[in-house]
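Okay, so here's the structure we're looking at.
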Amino acid sequence: MNATYPATLRSEPEGGYTVLFPDLEGCITYGEDLKHALAMAHEALGLYLVSLEEYGHVPPHPSDIASVSTNTKDQVNLIKVNVNNYRRSATAMMSEAV
């Protein structure tokens, strides 16, 4: 199952980017540069959606990218993940921990 959500990438004064998903409360990550921030955004989104599923919650419907408000320095990107890949990865990690 693929999922696509808008993410706000905020350039930080000390360097790097904070990534926020406006539709997913508490889904926040950080990258040292734009490439790293986008990679972290994919991981955060995938793991967040798997976590919602594991607790029996239905993910909210993603906002239209045009409706995401930002300040002038923020970027908005669509982040697309295959949730099945993250589900397998999370299952493997839990199996190794046991």
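The values are calculated or read from the model by the stated rules, or taken from the named source; none is laboratory data. Note that this is a predicted model, so its numbers are computed, not measured. When we count neighbours, we look across all protein chains shown, and the Cβ atoms used for this are built from the backbone with ideal geometry, even at glycine.
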Sole residue being touching a helix residue (DSSP H, G or I) at 6+ places or on another chain (Cβ under 8 Å), of a type in the set (A, V, I, L, M) and surrounded by fewer than 11 Cβ atoms within 10 Å (Cβ to Cβ), chosen from 50, 76, 58, 81
58
How do the pairs read when you match residues in segment 43-60 that are under 9 Å from residue 87 (Cα atoms) with residues anywhere that are surrounded by 12 or more Cβ atoms within 10 Å (Cβ to Cβ) and of a type in the set (Lys, Arg), using Cβ under 7 Å and keeping only pairs 6 or more apart or on different chains?
50/87
Within segment 1-17, how many residues turn out to be closer than 19 Å to residue 63 by Cα and either small (Gly, Ala, Ser) or in contact with a helix residue (DSSP H, G or I) (Cβ under 8 Å, 6 or more places away or on another chain) (or both)?
7
Mind checking which residues of segment 23-42 are in contact (Cβ under 8 Å) with a residue 40 or more places away in the chain and under 12 Å from residue 77 (Cβ atoms)?
38
Suppose the filter is within 10 Å of the chain's Cα centre (by Cα) and either modelled with pLDDT of 95 or more or of a type outside the set (Gly, Ala, Ser) (or both); does residue 28 pass it?
yes
